[in-house]
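For reference, the structure discussed in these notes is given below.
The values are calculated or read from the model by the stated rules, or taken from the named source; none is laboratory data. The structure displayed is predicted, hence computed values, not measured ones. Cβ placement follows ideal geometry from the backbone for every residue including glycine, while neighbour counts extend to all protein chains displayed. Keep in mind that these areas ignore ligands, DNA and RNA; they rest on the heavy atoms of the full protein, side chains included. Shrake-Rupley method; radii C 1.70, N 1.55, O 1.52, S 1.80 Å.
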Amino acid sequence: HGSGFDRISGFQDGFEKGAQFCTSFSDTRTFTQIRFNDDEDEAREGDLPFDDAWRLGVADLAEYWDKSFRTTFNQEWKPVAGVDQYSGDEPGCQGTESTAVRYCPAEDKIVASTDSLRRVYKDTGDFGMMSLLAIAYGQAVRKRVGKPINGDSALLGSVCLAGGYARDSFEERRPDAEVTLSPGDLDEAVQTLLTFVGRQTGFFVARSTTGFDRVSAYRSGFNDAKTCP
């Protein structure tokens, strides 16, 4: 029956394109249900330990944009100045609203609350947590191409770019990638978009977007990151 990501994709396609489009579905459609990578991956139910998920996720996002930025935007990539966790008092972060995971344009850094990330990891899994970091990276990408990083439309654009990262991981396009997807990872991303982005949970600011909007933007990037607004 496919993954949850596949099922919500089918629902959104019907809503956006009409019932006649649904009759075009066939086994050539991209399905995202996958197998575990190995016995160890299955024993962990597809989730890396938290510290490994942070370390590998941060490294993989940096490597992805280093490899993909030019082909996506025809520009040279400038690495972000840092990706840091913090506990206790929030660090200063100019140019964006205070949230538990955010890109700070003045410092060109991504900062994330350890306690908040652990809550997302517990409730969704490793790729749910990585997806929040991918959205923050999307904000850094938008800054580099001269687009705004604040506001609902900007957030949807960053979510879209996070979907592009997920597609790259799903297809294993980079042979030296630090992260490969496990069963349920894309469902973890959807759960994160519905639960932790756009509500009063401390993650990003999306006052007027719906969960449907955010998942649709993520799917757009998953289908083709070059189309992200």
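Quick rundown of the values:
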item	result
Which numbered condition Arg207 fails, given (1) under 30 Å from Gln75 (Cα atoms); (2) charged (D, E, K, R); (3) touching a residue at least 12 places away in the same chain (Cβ under 8 Å)	(1)
Which listed residue, of Phe127, Phe222, is on the phi < 0 side of the Ramachandran plot and touching a residue at least 60 places away in the same chain (Cβ under 8 Å)	Phe127
Qualifying positions in the stretch 189-204 - at pLDDT 90 or above and open to solvent by less than 20 Å² (accessible area, probe 1.4 Å)	Ala189, Val190, Thr192, Leu193
Residues (touching an Asp or Glu at 6+ places or on another chain (Cβ under 8 Å) and over 18 Å from Leu56 (Cα atoms)) located in the stretch 124-142	Ala140
Qualifying residue in the stretch 69-80 (condition: assigned to a helix (DSSP H, G or I), among the charged types (D, E, K, R) and either open to solvent by 70 Å² or more (accessible area, probe 1.4 Å) or closer than 29 Å to Pro49 by Cα (or both))	yes
Qualifying positions in the stretch 90-118 - loosely packed, with under 13 Cβ neighbours inside 10 Å and closer than 19 Å to Gly146 by Cβ	Gln94, Ala106
Candidates Ala140, Ala162, Ala177, filtered to the one that is crowded, with 20+ Cβ neighbours inside 10 Å, of a type in the set (A, V, I, L, M, F, W, C) and out of contact with any strand residue (DSSP E or B) (no Cβ under 7 Å at 6 or more places or on another chain)	Ala162
Residue match in the stretch 141-161 (condition: hydroxyl-bearing (Ser, Thr, Tyr), at pLDDT below 95 and within 19 Å of Leu194 (Cα to Cα))	yes
The stretch 3-57, subset assigned to a loop (DSSP other than H, G, I, E, B) and among the charged types (D, E, K, R), residue surrounded by the fewest Cβ atoms within 10 Å (Cβ to Cβ)	Asp27
